[in-house]
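This report concerns only the one structure given below.
The values are calculated or read from the model by the stated rules, or taken from the named source; none is laboratory data. Worth saying up front: this structure is predicted, and the values here are computed from it rather than measured. Positions of Cβ are generated from backbone atoms using ideal geometry, with glycine treated the same way; all protein chains shown enter the neighbour counts. We work out accessible area using only protein heavy atoms, side chains counted, and drop any ligands, DNA or RNA first. Shrake-Rupley method; radii C 1.70, N 1.55, O 1.52, S 1.80 Å.
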Amino acid sequence: MTFGIFQKLLRILLIGALSLPTLTACSVFRGGVLPVVKVGLIAPFEGPQRAAAYEALYAVKLALKEYNATNRDTGPLAELVALNDSLLPTNTARQQALQQMVIDPAVLGIIGPWMEGTEDPEAVGGTDSKVYTQTDMPVLFPPLPSEATSSSTARAKWSYRATQVLLAAIREAYLESGLSREKVREKLKASKQ
């Protein structure tokens, strides 16, 4: 009876020892742990645009899930930071969300915020444009609302594609020269040309 318990314990140890190299190979790259970067999403999770914001959230999560599944062995891995700006007429919530993302050095790009009437951060005025220009934060703005772009589905499709573009720029920067907002911004500019 003691011999049977010993055999079971030996099997468990053997299986554990054989699976250890496989498990560590999945999470280690370049002599260390894979880097994890963050992608920001700023959207109006409260208010009249709530449904569209949550559809965009699910679209961004899907793009991140697909990206991480493809790059889980080589990295970098990506996670989401989503913050609410309520799409209020005042910029206070948007400024706070932007500043929270800017403070975190792991955030390498932002999808949003949804700004009525402009895609250009310089045209927003106030603190928003200073936050963007002082940090070199890559920001992908949703298209201006129109009949073709204002539906929840259209916003979700745009958010999914924008996340793919941002993640491709992050991956390119990582493989070529390292992770920084400046490098990601350069890759985004190069991809638009």
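The table for this structure:
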item: Residue tally, condition aliphatic (A, V, I, L, M) and out of contact with any helix residue (DSSP H, G or I) (no Cβ under 6 Å at 6 or more places or on another chain), over segment 83-109; result: 7
item: Qualifying position, being crowded, with 20+ Cβ neighbours inside 10 Å, of a type in the set (D, E, K, R) and at pLDDT 90 or above, among ARG181, ARG171, ARG185, ARG161; result: ARG171
item: Selection status of THR2, over 26 Å from PRO143 (Cα atoms), open to solvent by 40 Å² or more (accessible area, probe 1.4 Å) and at pLDDT below 90; result: yes
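Yes/no matrix, rows are residues, columns are (1) open to solvent by less than 40 Å² (accessible area, probe 1.4 Å); (2) on the phi < 0 side of the Ramachandran plot; (3) not in a helix (DSSP H, G or I):
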{"site": "LEU41", "(1), (2), (3)": "yes, yes, yes"}
{"site": "TYR58", "(1), (2), (3)": "no, yes, no"}
{"site": "VAL81", "(1), (2), (3)": "yes, yes, yes"}
{"site": "LEU98", "(1), (2), (3)": "yes, yes, no"}
